[in-house]
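Accompanying notes for the structure given below.
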Amino acid sequence: MPSIGPLFALAVFVPLLGAVIAGLFGRMIGDRASMAASVLLMAVASACAVAALWLSVGTGSQTIAVPISTWVKAGGFHASWQLRVDALSVSMVTMVTVVSTLIHIYSVGYMSHETMPVSRFFAYLSMFTFAMLMLVSSDNLIQLFFGWEGVGLASYLLIGYWYDRPSATRAAVKAFVVNRIADLFFMVGIALLFLQFGSIAYDNIFALVPAHADSVYTLFGTSLRTYEVIGVLLFIGAAGKSAQLFLHVWLPDAMEGPTPVSALIHAATMVTAGVFLMARMSPLLEFAPVAKGVVVVIGASTCFFAATVGLVQPDIKRTIAYSTCSQLGYMFIGVGVGAYQAAMFHLTTHACFKALLFLSAGAVIHSLHGEQDMRRMGGLWRRLPFTYGAMWAGTLAISAIPPFSGWWSKDAIIDGAWVAGGLGLYGWVLGVLTAFITALYSFRLIFLVFHGAPRDARLHDRAHESPPVMILPLLVLSLGAIFAGWLLYRPYVGAGQAAFWNGAIFSGADNHVLTRLEHLPLLITLVPTLMSVCGVAAAWFCYMARPAVPAMLATRFRGLHLFLLNKWYFDELYDAVFVRPYRWLAGGLWHVGDDRVIDGVPNGLARLTGGGSAQIVRIQTGSIAVYAFTMLVGLLTLTSVFLIFR
């Protein structure tokens with residue numbers, strides 16, 4: 001039987017080989033060979049990851065290290081480069097590689113008519129996947145940060161893949177800048193961890209956490225607990241990657257990239273990095289209750305905010321993008337109440353149904369030759385039967401309708417929030433309200449796109465089902481959306497969770513959230529499901545039975561409708577508070593500081609020197625008489641000065 005270490009290492013590094021082949025030799029071997037190499041190598045990575053997961057479960061999910069080389073060696077500071085193999089990393093690597101492989105396969109059909117070099121696109125996809133795998137397999141904070149920044153760079157390249165479109169380049173820059181702001185706080189958090197523990201290795205930090213539980217920082221005469229400060233800093237970094245409230249503004253604009261990019265970023269990779277970070281740092285967060293409270297409040301607020309915005313968006317991809325933002329809020333509620341396992345459970349099921357929704361939306365867009373406005377669609381279910389079925393599976397899963405996967409994982413988080421009490425009740429209330437809104441906007445998408453009369457007959461008549469290479473990933477992901485929750489419930493949050501996680505996620509002695517889930521009153525466990533069913537009924541009434549109702553409500557509550565349509569005016573607020581003052585300051589520094597001072601002084605001296613030399617040149621006439629007269633004048637001047645001042 002092969003060892004788990006080599007299989008795990010292959011799963012992590014094989015996508016890098018695909019990126020190198022497609023990126024460096026793409027022009028030489030052509031687009032078809034680049035696509036084939038990328039897809040084949042991702043399939044190998046997925047097979048290795050699944051095998052590693054199987055072996056890990058079979059051996060009790062033990063934690064082992066796979067040495068690679070020395071990462072940093074500077075003076076007394078040493079950081080090794082090795083892969084951490086435990087239940088958390090193996091489950092993440094398996095999920096990332098499998099979903100990424102399906103997206104690679106789907107991209108072969110989706111990008112078939114692309115005029116730009118497709119080899120570059122597949123190189124970016126594989127590089128993105130490798131960076132995410134480096135992040136989740138890291139054994140220390142430096143290695144994690146390398147993958148963290150690699151994901152950010154690759155996302156910038158993928159979002160801006162169509163670099164000839166100004167909207168795509170703006171979206172790429174926006175995502176890059178917002179994430180850099182959050183990463184500043186993340187770096188400070190890493191620095192404080194090193195100063196506190198003298199190490200950046202997980203095992204060393206986690207072993208010392210209880211011993212430093214009472215340490216404090218004193219800032220401006222105020223004492224702050226060390227773990228609370230570090231926990232909040234790490235969460236801000238996580239909020240940037242996972243698009244939580246106030247740092248979410250890059251996520252909808254990321255839809256400017258090709259649809260496979262949207263699926264990759266919003267399903268299994270970049271946006272889930274923050275949730276993974278919080279779960280990995282659970283040994284520290286268990287000693288930081290205030291930081292966990294902040295996580296609950298921001299996560300629950302994000303959950304509700306994004307759902308309300310998704311309720312009125314006309315763009316099919318932006319609707320699904322805001323649903324991602326909302327579902328990530330659920331995951332952070334789980335982290336904040338101490339149900340880290342439930343957060344990881346929802347992260348995994350979400351990867352299945354959210355990738356399915358995005359790829360199904362991409363199939364619709366592909367069939368309509370780039371159209372994304374749902375107001376021009378309708379009646380497509382006969383034209384796109386396979387896509388229609390896949391969209392139903394994903395919609396039922398995200399709406400948490402039993403027994404689909406989202407019902408198992410989302411309800412585990414909402415129930416955990418009730419059990420936790422305190423600020424967890426804030427998460428429970430907003431989580432339940434959001435369950436209703438999620439079902440409403442999800443089925444709004446289904447009814448607007450696939451049901452009713454065609455709103456654009458010419459567009460409808462051109463619609464056609466996608467090729468098999470795009471349908472196959474939808475079928476596989478549909479199985480995940482249907483069965484993943486049932487299959488994973490027991491090892492992730494059920495009776496087998498202690499044996500499965502085996503210390504990869506830490507729960508403190510006072511953390512009994514998971515153990516109390518089985519003892520909740522039946523009514524409490526039914527509330528989220530009832531709200532989801534009500535959301536489905538409301539969507540059917542508004543978009544099937546009485547399709548005039550939404551327009552009537554938008555007219556009657558025009559202010560609220562515009563508020564939601566304009567995303568609570570966060571972009572306008574940030575533009576007024578940050579962007580315009582920054583441009584004004586930058587313009588002033590440019591025209592005054594740079595042009596007039598930095599360049600002005602030397603340029604002025606240069607002009608003075610040039611003007612003086614031009615005047616002196618006029619004296620050089622070549623006439624001996626003029627030179628003699630000048631010398632005589634100079635001699636008389638010197639003599640006069642000597643006689644006067646002697």
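Looking at 115, 70, just one residue is loosely packed, with under 15 Cβ neighbours inside 10 Å and part of a loop (DSSP other than H, G, I, E, B), and that residue is 115. I'd like to know if segment 262-280 contains one or more residues that are at pLDDT 90 or above, touching a strand residue (DSSP E or B) at 6+ places or on another chain (Cβ under 9 Å) and not acidic (Asp, Glu). Yes - at least one qualifying residue is present in segment 262-280. Counting only residues that are among the aromatic types (Phe, Trp, Tyr) and at pLDDT below 95, segment 9-48 holds 1 of them. Residues that are open to solvent by less than 70 Å² (accessible area, probe 1.4 Å) and of a type outside the set (A, V, I, L, M) were ranked within segment 197-215; the one that is nearest to the chain's Cα centre (by Cα) is 202. For segment 544-566, a residue qualifies if it is touching a residue at least 60 places away in the same chain (Cβ under 8 Å) and open to solvent by 50 Å² or more (accessible area, probe 1.4 Å), and the qualifying residues are 544, 547, 561, 565. Candidates are the residues of segment 362-376 that are out of contact with any Ser or Thr (no Cβ under 7 Å at 6 or more places or on another chain) and assigned to a helix (DSSP H, G or I); the one that is surrounded by the most Cβ atoms within 10 Å (Cβ to Cβ) is 374. Of 37, 52, 45, all but one fail to be farther than 25 Å from residue 140 by Cα, part of a helix (DSSP H, G or I), touching a residue at least 12 places away in the same chain (Cβ under 8 Å) and not hydroxyl-bearing (Ser, Thr, Tyr); the exception is 37. Out of 263, 243, 238, 254, one residue alone is assigned to a loop (DSSP other than H, G, I, E, B) and buried (at least 24 other Cβ atoms within 10 Å of the Cβ). It is 243. Scanning segment 394-410 for residues that are open to solvent by 10 Å² or more (accessible area, probe 1.4 Å) and not in a loop (DSSP other than H, G, I, E, B) returns 396, 407, 408. Of the residues screened, residue 272 is one that is open to solvent by less than 10 Å² (accessible area, probe 1.4 Å) and of a type in the set (S, T, N, Q).
Being closer than 22 Å to residue 486 by Cα and open to solvent by 10 Å² or more (accessible area, probe 1.4 Å), is that true of even one residue in segment 324-347? No, there is no match, as no residue in segment 324-347 is closer than 22 Å to residue 486 by Cα and open to solvent by 10 Å² or more (accessible area, probe 1.4 Å). Screening 136, 50 for residues that are closer than 20 Å to residue 272 by Cβ and open to solvent by 40 Å² or more (accessible area, probe 1.4 Å) leaves exactly one candidate, 50.
Could you please find all residues in segment 183-216 being of a type in the set (Gly, Ala, Ser), in contact with a strand residue (DSSP E or B) (Cβ under 9 Å, 6 or more places away or on another chain) and under 16 Å from residue 277 (Cβ atoms)? The answer is 201, and nothing else. Restricting 109, 75 to those that are at positive phi and out of contact with any Cys (no Cβ under 9 Å at 6 or more places or on another chain) reduces the list to 75. Looking only at residues of segment 444-461 that are farther than 15 Å from residue 384 by Cβ and of a type in the set (Gly, Ala, Ser), we find that the one that is surrounded by the most Cβ atoms within 10 Å (Cβ to Cβ) is 457.
In this structure, is residue 156 assigned to a loop (DSSP other than H, G, I, E, B) and either open to solvent by 40 Å² or more (accessible area, probe 1.4 Å) or closer than 30 Å to residue 125 by Cβ (or both)? No; evaluated as a whole, the condition is false for this residue. Of the residues making up segment 216-227, those that are touching a Phe, Trp or Tyr at 6+ places or on another chain (Cβ under 9 Å), open to solvent by 10 Å² or more (accessible area, probe 1.4 Å) and either in contact (Cβ under 8 Å) with a residue 12 or more places away in the chain or not aliphatic (A, V, I, L, M) (or both) are 223, 225. The condition (being open to solvent by less than 50 Å² (accessible area, probe 1.4 Å), within 28 Å of residue 235 (Cα to Cα) and part of a strand (DSSP E or B)) is satisfied by just one residue among 125, 83: 83. For residues that are open to solvent by 30 Å² or more (accessible area, probe 1.4 Å) and part of a helix (DSSP H, G or I), scanning just segment 420-443, find the one that is farthest from residue 509 (Cα to Cα). Checked segment 420-443; the qualifying residue farthest from residue 509 (Cα to Cα) is 436.
The values are calculated or read from the model by the stated rules, or taken from the named source; none is laboratory data. Being a predicted model, the structure only gives us computed values, none of them experimental. Note: ideal-geometry Cβ built from the backbone for every residue, glycine included; neighbour counts use all protein chains shown. Please note that ligands, DNA and RNA were not included when accessible areas were found on the heavy atoms of the full protein model with its side chains. Shrake-Rupley method; radii C 1.70, N 1.55, O 1.52, S 1.80 Å.
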